[in-house]
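See structure below.
Read the figures in this text as sums done on the coordinates, not as results from a lab. Just so it is clear, the model here is predicted, and its values are computed rather than measured. Virtual Cβ from ideal backbone geometry, glycine too; neighbours counted across all protein chains shown.
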Amino acid sequence: MFTLKATNIRQYLTGPKIAPYVFISPFYILWAIFGVFPIVYSIWLSFHRVVGIYKADFVGFYNFTEVFLREDVIKAFYNSIWYAVVNIIGQITIALLVAVLINSKCVKLKGLFRISYYIPNMVSTVAAGILFSILFQTNGLLNMALNTNITWLHSTFWSKPVVMIVVGWRWIGYWIIIFSAALQGIPDFFYEAASIDGANSFQKFWYITLPSLRHVMLFAVVINTIGGFQLFGEPYIVFTAKQSPVGPLNSALTPVIAIYKAAFENFELGFAAAIGWVLAIITILATGVQINLWKKER
Amino acid sequence: MKIKSTSSNIVIYLIIIIGVIIFLFPLYLLIIWSFQSTSEIFSFPPKLIPGSNFIENFSMLRIKMDVYRTILNSVFITTITVIGQLFFASLAGFAFAKYTFKGKRILFALLIATMTIPFQATVIPLYIIMQKLNLGNTYASVILPGLTPAFGVFLMRQSIKQIVHNDLIDAGRLDGATEFGIYFRIVLPVLKPTLAALGMIFALGTWNNFFWPLIILTTREMLTVTVALANILGVYEMPYGALMLGSFISLLPILVLFLFLQKYFIRGLTVGSFR
């Protein structure tokens, strides 16, 4: 009798009614603790001033007003918009150009070319940052090669472009792979039909290729926006930001580095959380606008 | 006409190849610089062949970081994280792809909604939670928050919908398999190539992860390779050759993985993407 009951329970637990809950529970339990709870906790934190690890005073919107009053944080947000715009335009343009060229009919060894561009993506942000910080030294190889004397790492003009070059070096190859996959999905007869109608290469690109890439382009725009807003590693490493400004006059500072410094160098946890939420809201708004504009333009 | 098209072919090849050189040359520099001394790295005219400073660079690197231990740390953390990610995500993805149950839509929507909130907004509470759980500076502190990538569930759901046919699952049920048995004996085997492909991409992300390990790992013997390298950077004279060697060493495991499993790697990048 008892054994029968046990098998019944087991059958019930492993049957199609209960099984899906069993299947999702490991993920959702972990996710609730380390994914969702921190989000809620972080909202609470942003309205408090934390004193030590156990005491916190409610301060209302003080932390948020501070975000808009501190010069370096404002600068960080200004920089992040710059990064996002250049990230979108630079990476997508170059990657699309290369992907289209590699995918043109006459080119052999397509796979080899794509992989060659992709390889830098495997280099970590840290290694890439160190590498380029050497390359961009005033007495470094780049200035030797160009026969120039530009102070790349000590100029407010060049600090952000240098960061973008490191980011682009690592990520353009990724977008080439993604765009190539999308380009291969465009049926050949689209182009054949256009040829019969007498379209030239540019017209084919403009009227067939670009519209066919709508979805992947939106994906690229959104991801590059997020990537630009949430930069951390590249500027942190290139300008050895530990205990020092990020680029001359903080000209390469990003919101995430500002969060890191506020929390782990100055121990203003509530303030750091508030920067995080302003960043989150800006990110959500920007990507939301992009998605809506894209849909409307159809 | 013929001439015009061959000359435009040459231009196309030329642009592609110049691009390849621009992208791969820094990597070449990384490798040769790891054999050079600081004065060789900055010598004029530039020295574009490997130098003879390898042993000095390596011993300097070993002073600055615990090379073997940090590599083992990275290997361990990456392995456990990726296995966990694949297991949890495929299990949940399977449930979302092939079952109907109460709360399914809301649970999934919740997951997607939290994807819009950047990790950086939650990193401080996560730090406090880890300290309170007494997990600061442990492997668990790095691994646990990485185990539940929301987009992993999303991609797994998509892949299982596409790849695993319902007939296969029904056949399994008729043969008397339990639901868990169906996951293990039917879904997982069919999903193997996808798991391998996504595993590569997860491994790359975890291996190169920097922000969170930098925050939560503090002592020399617990660091991952990337954090250990970053910690060498400072205001004093930097051991550039040693830094490059460390960077090269940190790249090697990924490069080897890539050379052997290239096919999966490239597929992993485009899993669930737009064709």
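List of remarks:
- Sites residue A:18 and residue A:43 - FRET efficiency at Förster radius 60 Å, r taken between beta-carbons, to 0.05: 0.95
- Excluding same-chain neighbours fewer than eight residues apart, the lysines reachable from residue A:261 by a Cα-Cα span under 17 Å are A:75, A:242.
- Each semi-axis of the equivalent ellipsoid for the stretch B:1-138 is √(5λ) with λ an eigenvalue of the Cα gyration tensor; in descending order they amount to 45, 34, 14 Å.
- Rounded if a/c under 1.5, otherwise prolate or oblate - the stretch B:119-180, Cα gyration tensor axes: prolate
- Peptide A:130-137 shows a mean partner chain C-beta count of 6 within 10 Å per residue C-beta.
- In nm, spacing of pseudo-spin labels at residue A:58 and residue B:114 (7 Å Cα→C-beta vector): 2.6
- Per-residue mean of C-beta atoms belonging to partner chains within 10 Å, peptide B:173-184: 3
- With semi-axes defined as the square roots of five times the eigenvalues of the C-alpha gyration tensor, the equivalent ellipsoid of the protein assembly as shown measures 38, 34, 25 Å, largest first.
- Chain B: angle of helix B:2-33 to the longest principal axis, Cα-based, in degrees nearest 10: 80
- Under conditions of 20 °C and 1.002 mPa s, the stretch A:91-141 yields 164 µm² s⁻¹ as its translational diffusion coefficient, taking Rh as the Kirkwood radius over Cα pairs in the Stokes-Einstein equation.
- Square roots of five times the Cα gyration tensor eigenvalues for the stretch B:62-269, Å: 37, 21, 14
- Cα centroids of the stretch A:118-151 and the stretch B:237-264: 17 Å apart.
- Stretched out straight at 0.36 nm per residue, the stretch from residue B:106 to residue B:271 would grow longer than its current Cα-Cα span by 56.9 nm.
- Cβ-derived FRET efficiency at R0 25 Å, residue A:207 paired with residue B:161, nearest 0.05: 0.15
- Partner aspartates and glutamates whose Cα lies under 18 Å from the Cα of residue B:64, excluding those fewer than 8 positions away in the same chain, are identified as B:56, B:221, B:237.
- Candidates B:206, B:114, B:148, ranked by Gaussian network fluctuation over chain B, Cα under 10 Å, top entry: B:114
- Partners for residue B:192 among lysines (Cα-Cα distance below 19 Å; same-chain residues under 8 apart left out): B:98, B:161, B:263
- Rough spin-label spacing in nm, given labels placed 7 Å along Cα→Cβ, for residue A:191 and residue B:184: 5.0
- Where labels lie 7 Å past Cα in the beta-carbon direction, separation of residue A:296 and residue B:68 in nm: 6.3
- The spacing between the stretch B:1-73 and the stretch A:184-203, judged by their C-alpha centroids, is 40 Å.
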